[in-house]
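The values are calculated or read from the model by the stated rules, or taken from the named source; none is laboratory data. All figures in this text were calculated on a predicted structure; none of them were measured in a lab. So basically every Cβ, Gly included, is an ideal-geometry build from the backbone, and we count neighbours across all protein chains shown. All accessible areas refer to the heavy atoms of the entire protein, side chains included, with ligands and DNA or RNA removed. Shrake-Rupley method; radii C 1.70, N 1.55, O 1.52, S 1.80 Å.
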Amino acid sequence: MKNLWSDSQARAFVRRYAKAGVNRDRALRVYTSRLLGGEPKLVLHGGGNTSVKTVMPDIMGNPTDVLCVKGSGWDMGDIEPEGLPAVRLDPLLSMVGLKKLSDEDMVNAQRVNLLDSTSPNPSVETLLHAFLPHKFIDHTHSNAVLSLTDTKDGEALCRRVFGKRMGYVPYIMPGFDLSKKALEVYVADPSVEGLILFKHGIFTFGDTAKEAYSRMIKMVSLAEKRLKKGRKKVFASARVPKKTATVAAIAPILRGLTRHNAKRLIFDFRGGAKVLNYVNGRELKRYATQGTATPDHVIRTKQKPLILPAPVAGEIEAFGKAAERALKRYTDAYHAYFKRNNRRQKIKRTELDPMPRMIMVPGLGVFGLGANAKAARIAADLAETNIDVITAAERIGPYKVIAEADCFDIEYWSLEQAKLGRGAEKPLARHVSVVTGGGSGIGAATARALAAEGSEVAVLDRDVKAAEAVALEFGGLGLACDVTDARAVRRAFDQVVRTYGGVDIVVSNAGAAWQGAIGEVSDKILRDSFELNFFAHQSVAQNSVRIMAAQGTGGCLLFNTSKQAVNPGRDFGPYGLPKAATMALMRQYALDYGHLGIKSNAVNADRIRSGLLTSDMIKARSKARGLSQDDYMGGNLLGREVTAEDVAKAFVDLARSTKTTAAVITVDGGNIAAALR
Ligand code: ZN
């Protein structure tokens with residue numbers, strides 16, 4: 001591993017933060033924390049932590065010895081000084097004399113000694129940082145170090161690789177006991193440059209930021225060197241079918257199966273040579289079900305992945321049945337694991353949902369699962385990290401990690417669960433929405449509104465830049481899609497499924513107005529309008545119900561029709577006719593797919609104020625409605641302007657309603673001629 005320390009960068013950090021009143025120690029602490037955090041082979045998603053012992057003024061201006069240690073919720077890769085809350089050092093040090101300290105008392109003692117009461121909770125490993133005397137302390141969950149410690153002979157291996165340069169700490173879960181043990185190991189030989197924590201990670205320390213960081217890189221490099229000497233080829237492959245089913249074909253089935261108490265999960269798929277080499281291994285079950293590479297992964301990935309048979313192309317139904325059986329075995333085993341381990345708890349725990357967070361599919365790859373796209377991505381990232389660590393470990397010996405009981409203690413440890421944050425979920429959380437024509441106007445407003453309700457949203461638009469720009473606002477997926485091209489629609493929906501695992505809500509919105517007196521209009525204009533204003537809705541809806549049926553969890557189809565469907569405007573036949581057909585299409589879907597729990601509804605919008613309307617367009621539209629241009633914008637029963645956001649709200653209301661189907665909602669401020677009878 002490359003040492004990225006740079007004297008000039010270090011000086012730049014010191015200078016930059018000095019302006020904000022941050023002292024040199026803390027500025028350098030930020031600098032090397034970011035160096036460590038920027039390397040995924042060292043830490044991922046909040047794993048690892050760092051500290052510095054320094055002096056800061058208290059409220060009276062008195063210089064106070066403090067430990068600035070990584071705060072919960074911060075990521076080292078982009079940490080700021082506020083992410084390293086200052087805790088008074090003396091009270092922390094006095095705790096070394098205690099025989100026992102409960103987690104609650106430890107957290108409380110850390111909080112009451114903060115210099116700034118608004119700081120995040122200091123790391124669960126704060127006392128370990130406090131008890132060791134070094135100025136700078138770095139802690140990572142380095143992949144290479146874990147590959148050494150997570151083997152059957154991990155301890156002997158580590159002693160050979162690091163010798164007397166490191167101290168060795170047996171596995172103890174983080175907290176007071178581990179902090180005391182680490183101190184004891186250090187005191188036995190104060191010449192060590194750091195500590196190896198078996199089945200957990202590595203600490204290095206030093207008088208300067210550079211020293212602690214450089215020792216980390218040095219030790220990790222030693223571990224990497226040793227791993228290189230291992231076997232080149234690790235896993236003998238099992239037989240996989242010549243032609244496997246696609247991710248897009250199986251993900252909706254798995255997404256449907258893994259719902260729990262009506263709560264769905266979002267999926268994130270990973271493939272590639274390294275992943276395939278791992279999931280195709282003949283002994284996958286042995287090495288993949290030992291447990292996670294470092295304990296704190298367990299809260300995001302669970303101890304074990306669900307392992308499925310390889311799906312054969314064209315035999316999706318058989319795969320679905322096999323997956324259902326495998327999942328039943330998985331959840332049964334999870335219940336049993338919970339019962340077995342909860343029995344020995346003084347304070348009884350509440351069982352978490354039993355669904356897997358990693359699904360391994362030979363021939364394809366691995367899915368990460370989570371309550372939202374971010375959690376799914378984290379699970380998938382950690383799955384890949386585990387694949388890296390386990391693959392390297394298997395090069396030098398059988399992979400072996402902490403016992404099941406230790407794993408349970410971490411999974412159900414309140415301090416770990418607190419990291420996940422348990423806020424109330426938004427109404428459309430765990431849902432995947434697709435909005436066509438989402439790059440502007442009503443589509444963009446609807447995409448934003450769905451995202452604001454907690455849904456994952458894919459924005460489809462002919463203009464890919466516009467789609468991506470809207471999606472970027474809320475971290476969604478922007479895709480190019482000409483909805484009049486049925487193959488492009490299929491491709492886009494497959495991409496949505498590969499990204500999120502399925503589809504729950506579809507807003508078929510893309511459309512455009514064509515004009516012409518119906519007796520004279522060219523066939524070409526009428527047919528073009530039917531392509532976009534009718535057939536495109538049909539291919540979007542067809543793809544939607546295909547995926548929704550595979551999920552078996554219902555679904556929601558929403559069409560943007562128009563008042564033209566009920567209250568045609570003069571010379572607007574080319575627009576109104578396909579829109580009328582689309583309204584009938586909406587009803588047909590409600591009728592044909594209601595038994596699958598799929599709702600189908602429409603919104604009739606009219607006279608929307610939009611920055612996109614040119615004065616020529618307003619002129620044309622007001623003429624079509626027999627209105628003066630002034631009347632056009634506000635000329636409705638309520639006398640109120642209607643905006644794209646109003647229409648978006650109607651789509652969201654319909655998406656949230658559970659008992660409404662085959663309905664049309666008008667959003668036009670009131671137009672009695674367009675009222676549905
Ligand atoms: Zn750790």
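When nucleic acids and ligands are ignored and a 1.4 Å probe is applied, residue 337 ends up with an accessible area of around 10 Å². Distance from the Cα centroid of the stretch 411-443 to that of the stretch 42-105 is 31 Å (rounded to whole angstrom).
The share of accessible area on the chain that comes from carbon and sulfur is 52 percent, using a 1.4 angstrom probe. Considering only Cα-Cα distances, which of the following residue pairs are longer than 20 Å: 100/400; 2/70; 199/400? Beyond 20 Å: 100/400; 2/70. Within a straight-line Cα-Cα reach of under 17 Å, residue 465 can be paired with the following aspartates and glutamates, leaving aside sequence neighbours fewer than 8 residues apart in one chain: 473, 482. Rounded to the nearest whole Hz, the Karplus-based 3J(HN,Hα) values (6.51 cos²θ - 1.76 cosθ + 1.60, θ = phi - 60°) of the stretch 581-588 follow the sequence 5, 5, 5, 5, 4, 4, 5, 5, with x at glycine and proline.
With the cut-off at 1.5 for a/c, could you classify the stretch 261-410 from its C-alpha gyration tensor as rounded, prolate or oblate? Oblate. Taking the DSSP beta bridges with both ends in the chain, the antiparallel portion is around 55 percent. Helix 316-342 and the long axis of the chain differ in direction by around 40°, with both axes built from C-alpha atoms. If R0 equals 22 Å, the separation of the Cβ atoms of residue 19 and residue 93 corresponds to a calculated FRET efficiency of about 0.10.
For residue 193, nonlocal amide neighbours, meaning residues 5 or more places apart or on other chains whose placed amide H falls under 5 Å from its own, are 166, 167. Remark: the stretch 245-253, residue by residue, has Karplus-estimated 3J(HN,Hα) of 5, 7, 4, 4, 6, 9, 4, x, 5 Hz, where x stands for each Gly or Pro and the curve is 6.51 cos²θ - 1.76 cosθ + 1.60 at θ = phi - 60°.
Relative to one another, the C-alpha centroids of the stretch 521-597 and the stretch 251-278 are positioned 31 Å apart.
Computed from backbone phi with θ = phi - 60° and the Karplus coefficients 6.51, -1.76 and 1.60, the 3J(HN,Hα) list for the stretch 219-236 is 5, 5, 5, 4, 5, 4, 4, 5, 5, 4, 6, x, 4, 6, 9, 9, 9, 6 Hz; x is used for glycine and proline. Fully extending the segment from residue 403 to residue 261, taken as 0.36 nm per residue of separation minus the present Cα-Cα distance, adds 48.1 nm.
Heavy-atom accessible area with a 1.4 Å probe sorts 56, 219, largest first, into 56, 219. Each Cα pair under 8 Å and six or more residues apart adds its separation to the average, and for the stretch 254-420 the resulting relative contact order is 36 percent.
Among 404-410, 386-392, the peptide with the highest mean count of other Cβ atoms within 10 Å heads the list, and the full ranking is 386-392, 404-410. Per-residue ellipticity at 222 nm, computed for the chain from helices alone with -39500 (n - 2.57) per DSSP H run of at least four residues, works out to -13500 deg cm²/dmol. Going by a ≥ b ≥ c, the root eigenvalues of the Cα gyration tensor, does the stretch 7-227 fall in the rounded group (a/c under 1.5), the prolate group (a/b larger than b/c) or the oblate group? In terms of gyration-tensor shape, oblate. Cβ-Cβ distance of residue 424 and residue 315, R₀ of 35 Å, FRET efficiency by 1/(1 + (r/R0)^6): the value works out to about 0.25. Specify whether the C-alpha gyration tensor of the stretch 336-464 places it in the rounded, prolate or oblate class, a ≥ b ≥ c being the square roots of the eigenvalues: rounded for a/c under 1.5, otherwise prolate if a/b is larger than b/c and oblate if not. In terms of gyration-tensor shape, oblate.
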